[in-house]
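Visitor: Take this structure first; my questions come after.
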Amino acid sequence: MYRMRRWSAKNSRVLHKIYSGVEGALVKASPLLEKIGHERLEKPFMAVEKVTKGFLFDSQSCGQCTLGSTGMSCPMNCPKTIRNGPCGGVRPTGKCEVKPEMDCVWVVAWEGTKNMKTEEQAIQIVQQPLDARKKGTSAWLREVRQKRQQAATEKSAGSA
Ligand code: SF4
């Protein structure tokens, strides 16, 4: 819902804290998640993400969540699905050139980023091109796998 999406950017600071808390808890629980099996968890995780992120952010379930870097504004709501800043068509009023009834997703992302204060650098991270094969999969489980892999790499580099 558009109104909810705008509310989430206004409250990006607290929502980002909650979001990071959830991710942190899942990373901590990763041995258990692995025991159960990510394949088995994929559907229930996706269902929870779809409902919660869909309600709060109009998330389009791309499976490669950037909310923490985009002021809690989902870039997939951009009609051109641009993931690295606005196109050249943003109206002087901040409205979208394709859907003039809505604010440009990236104007909202900047507002949300400013509300997050300490996260202002995050919006400058260049996002990878979208991998359409990951659409409809759990971004949280993917994040858990990436963090685990990162920790394992750091550990093996430290012991070498
Ligand atoms: S104005 Fe903003 S939301 Fe609209 S197409 Fe351009 S970047 Fe996307």
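The values are calculated or read from the model by the stated rules, or taken from the named source; none is laboratory data. Since the model is a prediction, treat every value here as computed from it, not as a measurement. Using ideal geometry, Cβ is built from the backbone for each residue, glycine included, and neighbour counts are taken over all protein chains shown.
Yes or no, residue by residue, for (1) of a type in the set (Lys, Arg); (2) without any contact (Cβ under 8 Å) to a residue 40 or more places away in the chain:
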{"position": "GLY89", "(1), (2)": "no, yes"}
{"position": "THR93", "(1), (2)": "no, yes"}
{"position": "VAL98", "(1), (2)": "no, yes"}
{"position": "GLU111", "(1), (2)": "no, no"}
{"position": "THR118", "(1), (2)": "no, yes"}
{"position": "ASP131", "(1), (2)": "no, no"}
{"position": "GLY136", "(1), (2)": "no, no"}
{"position": "GLU143", "(1), (2)": "no, no"}
{"position": "ARG148", "(1), (2)": "yes, no"}
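Visitor: Can we say LYS95 is at pLDDT 95 or above and in contact with a strand residue (DSSP E or B) (Cβ under 9 Å, 6 or more places away or on another chain)?
Guide: Yes; evaluated as a whole, the condition is true for this residue.
Visitor: A further question on this structure: Could you check, for segment 55-69, whether at least one of its residues is within 26 Å of THR118 (Cβ to Cβ), without any contact (Cβ under 8 Å) to a residue 24 or more places away in the chain and either within 14 Å of the ligand (Cβ to nearest atom) or under 10 Å from the mean Cα position of the chain (by Cα) (or both)?
Guide: Yes.
Let's see how each residue does on (1) more than 29 Å from VAL27 (Cα to Cα); (2) basic (Lys, Arg):
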{"site": "GLU49", "(1), (2)": "no, no"}
{"site": "LYS53", "(1), (2)": "no, yes"}
{"site": "SER73", "(1), (2)": "no, no"}
{"site": "CYS78", "(1), (2)": "yes, no"}
{"site": "CYS87", "(1), (2)": "yes, no"}
{"site": "LYS99", "(1), (2)": "yes, yes"}
